[in-house]
Amino acid sequence: MNAVYLSGSGNTKHIVTLLLDELGGNGIAVPIESEDAMKALEGDEIILAYPTMFSNIPYLVRDFINTHEAFWKGKKIFLITTMGLFSGDGTGCAARLLKKYGAEITGGLQIVMPDSIGDCKALKKSKEQNKAIIEKADKRVAEAAKQMREGSYPKEGLSFAAHLAGLFGQRLWFYNKTTGYTDKVKIDPSKCIGCGICAKNCPTQNIRIGDGKAVASSKCTMCYRCIDHCPKQAMTLLGKTLHE
Ligand SMILES: Cc1cc2nc3c(=O)[nH]c(=O)nc-3n(C[C@H](O)[C@H](O)[C@H](O)COP(=O)(O)O)c2cc1C
């Protein structure tokens, strides 16, 4: 079983890689923005994984599903979402869309990981706290893999109750945040050194270097990879200032 994933700060990549490892197969994990993502879809059974954003699917993932709508018919898809705290039906959001295109959803896994919003102090946790979160997540992945090897896939986020929790717990109030790409990445030119790390890492090629400084355009999927990688803490999106 291969996996296609979006991962901004690396949480989802970590979970997917670990699950494939625990499943003991020879499946590969491919980033959704990679040219090889479509090749990974060739098998009948695949994993699609992404971070929860406002209890919803990141727009890049929605865009990917819609762009390749003909590919999903008859596919067996296991969905994984990682989250900082709460997603309700983080997997269910993609499940409903994929089912519309004829896919069969084999199960869902929703795993709490450290929060990737690195420019909001209220969400900051200590290194020890994050380490404990990752240890717990790793254990949950090992348990899920055991279940899956025994042929009983977890169904997290796929129930009607989960749908209501995701909808009323968060999605309704933040719906406008995930209906498209955003142009809200802010770059402080006095801090930016034009190193290009953000541009190189952006999954949507939304950032370029012009006149020695990073310049963001309007196709940001809010993955936070640029912000988390910036060596000068010159970028922000939802918060005001970056912290270590
Ligand atoms: C724009 C944005 C919105 C987010 N919304 C939620 C949310 O609604 N619920 C939640 O529990 N975590 C939320 N998170 C946290 C991420 O889902 C979580 O940290 C995830 O593990 C990041 O995975 P990644 O490193 O693979 O991108 C959000 C993160 C970002 C960047």
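The values are calculated or read from the model by the stated rules, or taken from the named source; none is laboratory data. Since we're looking at a predicted model, the values are computed, not measured. Methodologically, a virtual Cβ is constructed for each residue, glycine included, from the backbone with ideal geometry; neighbour enumeration extends over all protein chains shown. All accessible areas refer to the heavy atoms of the entire protein, side chains included, with ligands and DNA or RNA removed. Shrake-Rupley method; radii C 1.70, N 1.55, O 1.52, S 1.80 Å.
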Just give me the residues in the stretch 98-114 being farther than 14 Å from ILE15 by Cα and either touching a helix residue (DSSP H, G or I) at 6+ places or on another chain (Cβ under 7 Å) or aliphatic (A, V, I, L, M) (or both), in sequence order. LEU98, TYR101, ALA103, ILE105
Only residues that are surrounded by fewer than 13 Cβ atoms within 10 Å (Cβ to Cβ) and of a type outside the set (Phe, Trp, Tyr): list them for the stretch 151-169, please. GLY151, SER152, ALA161, LEU164
For the stretch 170-183, what are the residues that are touching a strand residue (DSSP E or B) at 6+ places or on another chain (Cβ under 9 Å) and surrounded by 13 or more Cβ atoms within 10 Å (Cβ to Cβ)? GLN170, ARG171, TYR175, LYS177, THR178, TYR181, THR182
Does ILE187 meet the test of being under 15 Å from THR236 (Cα atoms), crowded, with 16+ Cβ neighbours inside 10 Å and more than 16 Å from the ligand (Cβ to nearest atom)? yes
Considering (1) within 15 Å of the ligand (Cβ to nearest atom); (2) charged (D, E, K, R); (3) within 25 Å of PHE86 (Cβ to Cβ), say which one GLU143 fails and leave the rest. (1)
Counting only residues that are within 12 Å of the ligand (Cβ to nearest atom) and of a type in the set (Val, Ile, Thr), which one in the stretch 55-66 is surrounded by the most Cβ atoms within 10 Å (Cβ to Cβ)? ILE57
Would you check if there is a residue in the stretch 67-87 being within 12 Å of the ligand (Cβ to nearest atom), out of contact with any Asp or Glu (no Cβ under 8 Å at 6 or more places or on another chain) and at pLDDT below 95? yes
When the residues of the stretch 1-24 are filtered to those that are within 12 Å of the ligand (Cβ to nearest atom) and open to solvent by 60 Å² or more (accessible area, probe 1.4 Å), which remaining residue is farthest from MET83 (Cα to Cα)? THR17
